[in-house]
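Colleague: Have a look at this one.
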Amino acid sequence: MRCRTPPRSPASTGSPPATSPTGTPTAPRPSSAFWTPVGRSAGTSWRTPSAPPQWLVTFDDRTPPEVVEDFTAALADAYAQGPEAYLGGGGRTSGADTTLRLLTDGWRLDPATPFLSYQSPDRLIQLHRRDNPLRHEAEMAGDTERWLFEVGPPRGIWYATASSRLPEHLLQTLTTAVTDPVPVNRYMRHVDLAHLPAVATATPTAPSPLEVARVRAATSRSLSVPRTAPSALAYSTTTRPPALPAASAGRSR
């Protein structure tokens, strides 16, 4: 997500009118290995019609959609409050409130990394903070980042990043979304359950009325299709096993 300072009015610059901003973040779209929803601002107080981004947040393509949803919802709320809420003061965010809260919740500083690294009690989440000076242009290009979230077991790690100028309250929202322990619904096969991390739990849940209706419709369609003679199926693939009920698993697993 790139957030820009308000561009100057086209009427005052003599340039052609720019595309009207929507005021809300767009749906995620892939950019290399990252999802980069883009939020644009509106206004009349900047030097060029296309102002450079003020901060950048990225999610890789394995990030749980609930994390992206929580952050974009908070960003939309901040946009409704005005530039001060979604742009902040334009300076570097200290992150002190965010990291102090993590330490209070039982996180610990990991001395084994070259950064300031905070590790969750279950060791499945690490928040790395670069404390050295960073060029704003390099951060906006995605070449480096101030904050890096590293989440999941060794074979299922996903990442999220945030730049230096992300407002403190949005950094707190991002951290809360990433670390939220509330279970989420996922469809899982026997093989998926067998490869869950040892600390993860999966609890079967009853299908929703919509899911029941879809299964009944699919079953009705399959029964109405004429069956092929057995000889024609001699070299076909085996029948798929029935689908399991929806299971719930932690979003950081």
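Colleague: I need to check one value: relative contact order of region 138-206, counting alpha carbon pairs closer than 8 Å and at least 6 residues apart, in percent. Write out the running numbers ahead of the final one.
Modeller: Values: 35 pairs, mean separation 13.4, N = 69.
Relative CO of region 138-206 lands at 19 percent.
Colleague: Can you list which of the chymotrypsin sites (Phe, Trp or Tyr not before Pro) found in region 96-125 are DSSP loop residues with at most 16 other C-beta atoms within 10 Å? Show your work: numbers first, answer last.
Modeller: On the way: sites: Trp107, Phe115, Tyr118; in loops: Trp107, Phe115.
Within region 96-125, the qualifying chymotrypsin sites (Phe, Trp or Tyr not before Pro) (loop, at most 16 other Cβ atoms within 10 Å) are Phe115.
Colleague: Report the gain in length on full extension from Ala141 to Asp77: 0.36 nm times residue separation, minus Cα-Cα distance, nm rounded to one decimal.
Modeller: 20.5 nm
Colleague: Something else now. For region 125-170 and region 72-100, what is the centre-to-centre distance using only Cα atoms, to the nearest Å?
Modeller: Here the two parts' Cα centres lie 16 Å apart.
Colleague: Turning to a different aspect of this structure: Against the 2.2 N^0.38 Å scaling, with N counting residues, where does region 137-181 land? I'd like the Cα-based Rg ratio to two decimal places.
Modeller: Numbers: Rg = 11.7 Å, N = 45, 2.2 N^0.38 = 9.3 Å.
Scaled against compact globular proteins, the figure is 1.26.
Colleague: Shifting gears a bit: Taking the mean number of other Cβ atoms within 10 Å as a proxy for protection, how do you rank 173-186, 79-92 from highest to lowest?
Modeller: Those peptides, ordered most packed to least, come out 173-186, 79-92.
Colleague: For Val191 and Glu84, compute 0.36 nm times the residue count separating them, minus their Cα-Cα distance, and round to one decimal in nm.
Modeller: Once the chain is fully extended between Val191 and Glu84, it gains 33.7 nm.
Any read-out appearing in this document is the output of simple, stated calculations on the displayed coordinates, not a laboratory observation. Keep in mind that what you see is a predicted model, and the values were worked out from it rather than measured. Reconstructed Cβ throughout: ideal geometry from the backbone, glycine too, with neighbour counts over all protein chains shown.
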